[in-house]
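Some notes on the structure that comes next.
The values are calculated or read from the model by the stated rules, or taken from the named source; none is laboratory data. These figures come from a predicted structure and were not determined experimentally. Methodologically, a virtual Cβ is constructed for each residue, glycine included, from the backbone with ideal geometry; neighbour enumeration extends over all protein chains shown.
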Amino acid sequence: MVADRLEDTKGCYDVVVIGSGLAGMTAANYLAKCGRSVLLAEQHHNLGGLATWFTRKGGHIFDVSLHGFPVGMIKSCRKYWTREIADSIVQLKGIRFDNPQFQLETTFDRTDFTRILIERFGIEPDVVERFFDTARSMDFYDDKAMTTRELFERFFPGRSDVVRFLMEPIAYANGSTLDEPAITYGIVFSNFMSKGVYIFRGGTDKLVGLMKAELRANGVDVRLRAPVKCVVVESGRVQGVVVGGKRIAARSVLSNANLKTTIKDFVGYEHFDGDFVDKTKAVRLNNSSCQVYMGLRKGETIPYIGDLLFTSVNERFDSKALCAKDITSRTFSMYYPDIRPGLGRYAIVSSTNANYEDWANLSDEQYRADKKHLVETTLDALEKYLPDIRSKIDHVEASTPKTFERYTRQISGATFGTKFEGLEVSMDLSKQLPGLFHAGSVGIIMSGWLGAINYGVIVANELDSYLLTTAGREVVT
């Protein structure tokens, strides 16, 4: 019972953090190091949100979510977590593209992209430099009227091949489309262009394990299988939460849950003004994902075919086609033995963007059949690069948007939270209801592993400042 797991909680906390995605964990750790008493309540049996893992018989370990983040993770992890975590982040050297328009391999940084754009695509050097400088200079406060489509048309008119090269990986990284504000592309793209793509050596299980140990070392009260039912609001401000049937007092609450769930279900529209509620209702969810997890039999090996492999049979980059159930584009994440040293095992994870509606209303029989089809077509696609792969795999399974919805409780299994307009709503939450804060995958530019960690710190600073105010110092009864 949830209540039994909470019987020894404190009488009152400075902050309750709802959910343990990277933003929630980082905020909890930061606030604890600032001397705040923190309860971290996670509904699942693992920490990490989508940055998590699972195990299967036969010694298989699979990371969930597409792996790969910018070099900025090293600095953020060293500053807000530990040197051990930061020192385990290593660069992926081989990022491959294979589609009807081009086939190439890159280190995925500005130097190599500049070379490829000039030598392979024939773009003038000064145009390439101006494009990179424009993207690099973008920030949240820039004009949001220009779309990514307009940005590309400005620099590379009529060049669908260049658009695909520049856009497809970012669409996988944060769900953005050509019709989103250009800053949602430029900021994320520039982060990767700094020094390439990185991964945590040791796997997500090691990463989250180290984070869990650090949280507890800093005094965070970590509770698993503890789903929050609601946020308690009295006298116009936050007073705590209810977990199961138990009320836990708190001077503030930081939600790492879905933004719309936080406002509508945990708190209730009646505690916000009408204009804010309208803005919240207008926030769009981002797309979900499908993944296929493939584990090789112990002792089997595969040749190196790149670390990330962006494949497609679609003629051009198409945001709608990228999410379609009739899959034409996949990204293969290759887990060679050096990713999890000591195990000597290989694993492959295929990721595709997906629409929740395509999976939500299927009969049980059709759902199972469609998952099987997802697995088989993924293996078919992989055989192009590893012809004998079926004979080497001894475990394979698939996840769908319904899987992500079940385990993360994100609305519609949204793997990137909300669209761009969600960021403003998230940032303004505490102005509407004192003591209530939100940090998570919102606004596209705040999604992904690095964005989540940094947003957790930003919001934690705001929350800490609130606790120094008169309202934040009041004793909750």
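Observations on the structure shown:
- Restricting region 314-323 to residues that are part of a helix (DSSP H, G or I) and of a type outside the set (Ser, Thr, Tyr), the residue that is surrounded by the fewest Cβ atoms within 10 Å (Cβ to Cβ): Lys320
- Boolean, Cys290 is closer than 30 Å to Thr378 by Cα, assigned to a strand (DSSP E or B) and touching a residue at least 12 places away in the same chain (Cβ under 8 Å): yes
- Candidates Ala381, Ala369 - the one that is of a type in the set (Gly, Ala, Ser) and closer than 18 Å to Val313 by Cβ: Ala381
- Set Val233, Val242, Val267, Val283: member being out of contact with any Gly (no Cβ under 9 Å at 6 or more places or on another chain), farther than 13 Å from Val16 by Cα and among the β-branched types (Val, Ile, Thr): Val267
- Index of the failed condition, Gly472 passing every other in (1) assigned to a helix (DSSP H, G or I); (2) farther than 27 Å from Val233 by Cα: (2)
- Those residues of region 297-313 which are more than 28 Å from Asp179 (Cα to Cα) and surrounded by 22 or more Cβ atoms within 10 Å (Cβ to Cβ), in sequence order: Asp307
- The sole residue among Glu365, Glu383 that is free of Cβ contacts under 8 Å to residues at least 60 places away in the same chain, out of contact with any Lys or Arg (no Cβ under 6 Å at 6 or more places or on another chain) and within 13 Å of Met294 (Cα to Cα) is Glu383.
- Any hit, region 358-375, residues being within 21 Å of the chain's Cα centre (by Cα), hydrophobic (A, V, I, L, M, F, W, C) and surrounded by fewer than 22 Cβ atoms within 10 Å (Cβ to Cβ): no
Each row is one residue, and each column tells you yes or no for (1) assigned by TED's automatic domain parsing to the domain that holds Asp273; (2) closer than 21 Å to Asp112 by Cβ.
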site: Lys144; (1), (2): no, no
site: Glu153; (1), (2): no, no
site: Gly158; (1), (2): no, no
site: Pro169; (1), (2): no, yes
site: Asp179; (1), (2): no, no
site: Ser235; (1), (2): yes, no
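- Single match in Ile95, Ile89 (criterion: surrounded by 17 or more Cβ atoms within 10 Å (Cβ to Cβ) and more than 19 Å from Ala452 (Cα to Cα)): Ile95
- Residue list for region 455-477, filter: at pLDDT below 95 and buried (at least 24 other Cβ atoms within 10 Å of the Cβ): none
- Matching residues in region 117-157 - criterion: being touching a strand residue (DSSP E or B) at 6+ places or on another chain (Cβ under 9 Å), surrounded by 14 or more Cβ atoms within 10 Å (Cβ to Cβ) and not in a helix (DSSP H, G or I): Arg120, Phe121, Asp142, Lys144, Met146, Thr147
- Residue match in region 158-179 (condition: outside any loop (DSSP other than H, G, I, E, B), of a type in the set (Val, Ile, Thr) and farther than 19 Å from Ala452 by Cα): yes
- Filtered residue count, region 27-73, keeping only those that are assigned by TED's automatic domain parsing to the domain that holds Ile453, in contact with an Asp or Glu (Cβ under 7 Å, 6 or more places away or on another chain) and assigned to a loop (DSSP other than H, G, I, E, B): 3
To keep it simple, each residue is scored yes or no on (1) in contact with a strand residue (DSSP E or B) (Cβ under 6 Å, 6 or more places away or on another chain); (2) crowded, with 19+ Cβ neighbours inside 10 Å; (3) not assigned by TED's automatic domain parsing to the domain that holds Val277.
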{"position": "Pro387", "(1), (2), (3)": "no, no, yes"}
{"position": "Lys392", "(1), (2), (3)": "yes, no, yes"}
{"position": "His395", "(1), (2), (3)": "yes, no, yes"}
{"position": "Ser399", "(1), (2), (3)": "yes, yes, yes"}
{"position": "Phe420", "(1), (2), (3)": "yes, yes, no"}
{"position": "Ser430", "(1), (2), (3)": "yes, yes, no"}
